[in-house]
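Before any comments, here is the structure.
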Ligand SMILES: Nc1nc2c(ncn2[C@@H]2O[C@H](COP(=O)(O)OP(=O)(O)OP(=O)(O)O)[C@@H](O)[C@H]2O)c(=O)[nH]1
Ligand SMILES: C=C(OP(=O)(O)O)C(=O)O
């Protein structure tokens with residue numbers, strides 16, 4: 001089964017505020033972009049993902065992610081994360097009405113294509129399904145198969161809210177890289193331990209975090 005992924009990215013200057021103690025104002029936008037580049041690159045390297053739509057108004061991120069092969073969808077002004085995802089899914093289905101769509105966070109710098117394939121294969125068994133994040137309180141992926149609305153409920157406690165919405169909770173083995181979103185310095189260290197992609201490896205090396213030169 002083939003999937004179109006919808007990846008939301010807010011303007012880089014405002015992104016990743018919870019990483020302020022790990023990466024200063026001068027570095028954080030570049031780090032947020034690197035996370036998105038590694039996420040999009042790994043998603044497009046996944047055999048089941050011919051198409052990635054990034055919902056963003058950030059000009060630099062739009063250019064760099066389009067260069068990797070993503071389609072850029074302008075954001076809904078002032079709508080917030082879930083409005084951006086619903087809009088992205090609607091735009092995708094205007095072009096391809098039968099598309100299976102999955103929302104994926106832009107902050108998965110350790111993402112591995114084979115692990116994403118495993119999650120999407122598990123999601124294909126259900127009308128709607130989601131993957132909890134590594135912390136166990138949020139969500140990193142929400143999938144809707146052909147003909148199903150995405151109905152995104154990302155944000156605080158999104159695991160509980162996606163579960164309450166009737167989406168199936170996925171728990172495939174060996175998908176740590178799909179669950180490891182990066183919001184805090186501790187998350188970044190966990191992602192570095194899994195092995196991050198090449199864009200994040202370069203930026204993180206400048207942060208002088210032990211092990212940050214390692215990439216896959
Ligand atoms: N297109 C779009 N993406 C958003 C919006 N709000 C958040 N996102 C993205 O959704 C994902 C999770 O967002 P948040 O946790 O709110 O923000 P963050 O930048 O990851 O981190 P914090 O600033 O620390 O909260 C990230 O990929 C964000 O870039 C929005 O209004 N529009
Ligand atoms: C928006 C979410 O992610 P984050 O952990 O980046 O806030 C979420 O988990 O629903």
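Structural remarks
- For residue 72: the one exception among (1) touching a helix residue (DSSP H, G or I) at 6+ places or on another chain (Cβ under 8 Å); (2) touching a residue at least 60 places away in the same chain (Cβ under 8 Å); (3) away from ligand 2 (no atom under 16 Å from the Cβ): (2)
- Helices (runs of 4 or more DSSP H) contained in the range 31-150 and holding at least 2 residues within 13 Å of ligand 1 (Cβ to nearest atom) and more than 18 Å from residue 1 (Cβ to Cβ): 59-67, 81-95
The rows are residues; the columns are (1) within 15 Å of ligand 2 (Cβ to nearest atom); (2) crowded, with 19+ Cβ neighbours inside 10 Å.
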| residue | (1), (2) |
| --- | --- |
| 4 | no, yes |
| 21 | no, no |
| 29 | no, yes |
| 49 | no, yes |
| 61 | no, yes |
| 88 | yes, yes |
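- Residue within the range 135-144 that is under 22 Å from residue 83 (Cβ atoms), more than 15 Å from the chain's Cα centre (by Cα) and surrounded by 22 or more Cβ atoms within 10 Å (Cβ to Cβ) present: yes
- Residue count for the range 77-86 satisfying the condition of being at pLDDT below 95 and within 16 Å of ligand 2 (Cβ to nearest atom): 1.
- Residue in the range 165-176 that is within 16 Å of ligand 1 (Cβ to nearest atom), crowded, with 17+ Cβ neighbours inside 10 Å and within 15 Å of the chain's Cα centre (by Cα) present: no
The values are calculated or read from the model by the stated rules, or taken from the named source; none is laboratory data. Quantities reported herein were computed from a predicted structural model and do not represent experimental measurements. Note: ideal-geometry Cβ built from the backbone for every residue, glycine included; neighbour counts use all protein chains shown.
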